[in-house]
Each structure stands twice: as structure tokens, then as C-alpha cells.
1. Length gain on complete extension for the stretch residue B:201 to residue B:130, per 0.36 nm per residue less the alpha carbon to alpha carbon distance?
2. By a straight-distance test (C-alpha under 29 Å), which lysines pair with residue B:155 as possible cross-link partners, with residues fewer than eight away in the same chain excluded?
3. Can you list, shortest first and in nm, the gaps between the label point of residue A:123 and those of its counterparts in the other copies, using a point 7 Å from Cα in the C-beta direction?
4. If the label for residue B:33 sits 7 angstrom from Cα along the Cα-to-Cβ line, what are its distances to the same label in every other copy, in nm to one decimal, shortest first?
5. Using a 1.4 Å probe and counting only protein heavy atoms, arrange B:71, B:98 so the residue with the most accessible area comes first.
6. Mind checking which aspartates and glutamates have their C-alpha under 17 Å from residue A:157, skipping anything on the same chain fewer than 8 residues away?
7. Between residue A:158 and residue B:180, what FRET efficiency follows from the Cβ-Cβ distance if R0 is 41 Å, with the result rounded to 0.05?
8. Projecting each Cα onto the charge dipole of chain B (Lys/Arg +1, Asp/Glu -1 at the beta carbon, about the Cα centre), which of B:32, B:50, B:99 comes out farthest on the positive side?
Protein chains: 2
Amino acid sequence: MEQYFVKETINSNKFQIVDPETIKHVAKVMRHKSGDVISLVDPTENLFMATIDSIDPDSKFIAVDVEKSTKNSTEMPIDVTIACSLSKKDKIEWITQKSTELGAKRIIFFDSRYSIMNWKPNVVEKKLARLQEIAKNAAQQSKRRIIPEVIYVDKLKDLVQYKAEANLVAYEESAKQGEISRLAQTLNEMPKSVICAFGPEGGFAPEEIDFLNQADFLSVGLGPRIMRAETAPMYFLSVLSYKYELTVK
Amino acid sequence: MEQYFVKETINSNKFQIVDPETIKHVAKVMRHKSGDVISLVDPTENLFMATIDSIDPDSKFIAVDVEKSTKNSTEMPIDVTIACSLSKKDKIEWITQKSTELGAKRIIFFDSRYSIMNWKPNVVEKKLARLQEIAKNAAQQSKRRIIPEVIYVDKLKDLVQYKAEANLVAYEESAKQGEISRLAQTLNEMPKSVICAFGPEGGFAPEEIDFLNQADFLSVGLGPRIMRAETAPMYFLSVLSYKYELTVK
């Protein structure tokens, strides 16, 4: 059963869907009829089963009867921000889609020294709107209760505004054999929020790592293999899900 | 420093690279000269620092002086096979690349009931050769010590040939809140080998799950969000790396 986000809080058992894009998808793409059931998620992160009552012939609204679902939330019990160095269009779109599936709450793209590109100020709004749309669609498909926020910061320094309880930067870590990693040590403390920064394909510049370390971002390794820039955040999010959603007793 | 796999076992401090593709990459693409250092990995999974001595003007060989490296292996201490339902070309190429970066030893594609496509017998060899090439390149880039093997099986039933110590199938699991997941339970036993099967976008058919369960593939959930077919194997491999490479004391 497909899910749609609505912008209005649902607080009665009658509701009208008014977002033109959602109406189009429900009525034209999926060709739903009266009596069909869809899921709606409202800004309070509640999930509702919505039975279609009527579809306005002029496509101005869809009237539904709603019932609040008691299903557990699909949101991670930790507030996760991933911050990725800017990359090519298809890579950042891919990072946005996959990070949404994997439970990120906030996805930041930043300009770093060895980024292969940057965004000119006049395109930022349009680029972010496109990524936010990708995040929304992925959030609906993966049955999230929120749409992750996509943010752009043009200076690495501005990342400190988004500091969390645990602040990390993915970087080679010289772990001794058999030693527990700094990532595992950090997660064992079960922080309630975390941000992790990921460098570009060419890596962070040493002064960028110095800056982040001095701003209390701890360098953590993600295993012995070299991952591409877009793979590392997926690894990180998967590990968080495992630690917080599959192993906690 | 870039890494290349060689087919011959290196057992002296002199070696000749004879693979035409590697020669082309070293001499023409990277434009290496005498004195430059590259990494070589041989079939015994040993890593060598190789200093270029001479490049044959006819590109028949590159003579190198080699020194065995004492660096730790980058291979996971568990033998991991992922088995994915066949999908579109770009998705299976992507799965092959990312699974290699994330440490899989064996990547199987299989035809399942709701797969959106299958391979005709006459294209299997060509398709596998292409995927094997992607795996080789990704293995070199991520500094693996082996190239994962890419395999095609046209019947789900044939997956049982690849059974390991732990046999899993990714499937919705109705975990009670606060319960430790079956995946975590399985990994806590620290098996030495594991295979996990992943269904297509439309999921496994109930009789396919029944078959796998009866063949002792345990159904395991991968958290509360719905992941796309290509995302789930990445989640699984990341979790294995975390469990076996970052948290073992």
C-alpha cells in the first residue's frame, strides 16, 4: 500500500488531500477509486490508513476517511545527519535517495577543497529543490515518517552549526589488530544524535581534517577497504540501524 | 598508489607483468615511468610493492622489482556470499561494484518468480564476463586481496549449492519491540561463512520463501524501513564489516 506525506495535521476521521501532485499520483498514475486504501503520514509523524471516499472531478481534492495506525514508527531512535562533500549530480542524487532509505534525518552537502565541483549561488535553490523531491519520493517508498531535510553549506566551517551529541568524520584510522574501532566505541555510548562528515573522492585536505578534529569531530575508520565517496555514508547508516534497531535489547 | 591483480604467483624479487590490459593501464593511462611504484596482488592474496624497472617498448611486458608488503589483509574474516534476484543491467552492475567495495567474496544473481527479467542461456557468458570485469576494477580500487566471483544460477533451487555455515534470506521479520533481531542473533554466533539471499523489487513469492526456509535459510529482517532491492545487500555487507572488523575485541 503506497504512502503519501500530507502537509496538514490530521485530527479528525475525515480529511481532504489537496496537494496537486499527490492527487495526480493517486488518481491518474495509480488510478485509485473510491473504496481503495492508501497510507498518509502527517507532520506529527503519525500514520493513517485512508479509505478514498470521493475524488473531485476537477482534481481539486480527494476526500478520505482516515483511521490512525498503531504501527511502530520506522524512524531510527537516533537523530542522524550525514554530511557529504559535493560530487557529480548523479552521485548526490543517489546519496540522497539511499540515505533516505537508510534512515538519515538530515543530508548535508558541502563544498570541500578536493570536491570536483561546487554550486554557484544562483543554482543552490533549484538543486536543493530537486534533491528534496528525491528525498520525499524515497521517504514515501521506504515508509518513513519524516522527509529528511537536504541542506547545502558552501564552507566546511559551517558544518559546526549542525553538531550533534556525537560528531564524527570518516577518515583512515590506524587501528591495531583486534582493537575495537573508535566508531564502535562511540556507538557503545548510545548517543541520541550523531553527525558524520564524508570527504570527496580525493579525500579531505589535511587542514580540513585538522579543522574538524579541533571542532571535536572524531576521526573514525570504516573498515580496511577503500570505499568510494558515495559508499561510505551508506555503510555508516547501515551500521547505525543495526546497532540501534536490531541489537538493542 | 594504485593496485593491480596478477594471475601468476610472485615468488622472487623480480617479476614481469604480462597482462595486456594491466600494461596498457600502467603505461598508457597512468603514464608510469621507471622508478614509479605500484601495488600488485597475486593469487596467494599477498600484496607487493612493485618498482617499475623497465617498460618493454612493444608493450609485451613491464619488468618490476617487488617487495612483499606486511600490511594486514583487507579481506573480511568471514566468507560472505550475497545472492540477489536478477534486475536491470545498471542495478546489477551497481550491486556488483558496491558489494565488491563492501567485501563480498561471491556475488550470485538468480532468476526468481517476480524478477523483472531473466537471462537467456546464450547471453549468460557475456553478461558474467562484464560483471566480472566490474568486480575486478572495484576490487583493485578498494584494495581487496581477491576478486569476488560473480555467478549466475537460473533456478532459485540451485542456491542450495552455495550454502554456508549461516544461511539467511532477507525478509520481513515481525520482531517485537526491544527484541534482538534474528540477524544479530546469528552474527553473535560468529559464523565463519554466510550466504544471504535478497528478493526482487516485488519480493519473493511465498513458495520461494517456503523453499528457502525448508532448505534452512533463516528469514531475517533488516530494520523497519523498506529498502530497494539493491540497497538491502549493501546494508547486510556493511553490518558484517562492522560486526567482524570494527567491534571484535
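The values are calculated or read from the model by the stated rules, or taken from the named source; none is laboratory data. Remember, predicted model here, so these are calculated numbers, not experimental data. FYI the Cβ positions are ideal-geometry reconstructions off the backbone, even for glycines, and counts take in every protein chain you see. Surface accessibility is based on the protein's heavy atoms, side chains included, excluding ligands, DNA and RNA. Shrake-Rupley method; radii C 1.70, N 1.55, O 1.52, S 1.80 Å.
1. Result for the pair: 23.3 nm of gain on full extension.
2. Straight-distance partners of residue B:155: B:88, B:89, B:91, B:98, B:105, B:120, B:126, B:127, B:136, B:163, B:192.
3. 3.5
4. Taking the point 7 Å beyond Cα along Cα→Cβ, the inter-copy spacings are 7.7 nm.
5. Correct descending sequence by accessible area is B:71, B:98.
6. A:111, A:207, A:208, A:210, A:216
7. Computed FRET efficiency for residue A:158 and residue B:180: 0.55.
8. About the Cα centre, the residue reaching furthest to the positive side is B:32.
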